[in-house]
1. Once fully extended, how much extra length lies between A45 and C126, figured as 0.36 nm per residue of separation less the alpha-carbon to alpha-carbon distance?
2. For the pairs K115/K145; K87/K146; K87/K145; K115/K143; K71/K115, note any where the Cα-Cα span goes beyond 20 Å.
3. Residues with amide H under 5 Å of Y88's amide H, sequence separation 5 or more or different chain, H placed in the peptide plane at 1.01 Å from N; which?
4. Could you go through the stretch 33-45 in sequence order and give the Karplus-derived ³J(HN,Hα) for each residue, using 6.51 cos²θ - 1.76 cosθ + 1.60 with θ = phi - 60°, rounded to whole Hz, and x for Gly and Pro?
5. Once fully extended, how much extra length lies between S15 and R138, figured as 0.36 nm per residue of separation less the alpha-carbon to alpha-carbon distance?
6. Quick one: what are the phi-derived ³J(HN,Hα) couplings along the stretch 70-82, Karplus 6.51/-1.76/1.60 with θ = phi - 60°, whole Hz, x for glycine and proline?
7. Going from the alpha-carbon gyration tensor of the stretch 61-110, what semi-axes, largest first and in whole Å, does one get by taking the root of 5 times each eigenvalue?
8. Give the span of the stretch 1-140's Cα atoms along each principal axis, as three whole-Å numbers ordered largest to smallest.
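Here, each number is a calculation from the coordinates, and none is a lab measurement. Just so you know, these numbers come straight off a predicted model, no measurement behind them.
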Amino acid sequence: MGVIVTSIDYILNWSRANSLWPLTFATSCCGIEMMQTVASDNDIARFGSEVFRGSPRQADLLICAGTITHKMAPALLRLYQQMPEPKYVIAMGACTCGGGMFAETSYSVVNGIDKIIPVDIYLPMCPPRPEALLDAIRKLQTKIKKESILTRKEFVDSHTSKLVEEHGILVKLNDNEVSHELE
């Protein structure tokens with residue numbers, strides 16, 4: 001019986017890895033590089049990711065490209081929650097991964113989206129070139145091909161959504177609702 005389950009896992013992971021549909025989510029300069037990745041010079045289509053979706057219900061990969069502010073955090077969380085499982089996240093750019101050049105000088109920037117949602121691949125450049133994004137997608141594909149369904153669930157469950165509680169802004173996660181309150 002283990003051979004059949006392993007074979008099904010392999011086929012599912014192979015098909016999932018080679019047909020990632022990214023969600024269009026770009027907030028600043030990294031978005032330009034993400035758009036360049038779709039252009040004919042780089043051709044993201046050879047990796048099965050050319051269908052950028054405008055709706056989170058049709059996407060399984062969130063490429064978060066750019067600066068995330070505290071005001072944007074509830075919207076990002078809501079988009080992530082609306083994506084069907086299994087869902088994957090690439091943090092593209094220094095600002096997304098850790099606040100970038102705004103980490104110490106700006107009160108409004110989230111210092112890393114891993115405080116909001118679980119991240120699978122970090123791409124911390126300023127801004128990352130299209131080739132780097134393609135490499136991140138290849139690494140994510142390799143990760144997806146090796147994982148089992150149970151380990152993916154454990155990874156997502158291990159991420160505690162201790163969300164942004166800085167500078168008087170509190171973002172809470174309730175079942176399927178995001179509320180934004182000022183203290």
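1. Full extension of this stretch gives 26.8 nm more.
2. Beyond 20 Å: K115/K145; K115/K143.
3. L61, L62
4. Values per residue, Gly and Pro as x: 5, 5, 5, 5, 5, 7, 5, 5, 5, 9, 6, 5, 5 Hz.
5. Net length gain for the segment: 42.9 nm.
6. 4, 5, 7, 4, x, 5, 4, 5, 4, 4, 4, 5, 7
7. After scaling each eigenvalue by five and taking roots: 22, 12, 6 Å.
8. 56, 33, 24 Å, listed from the longest principal axis down.
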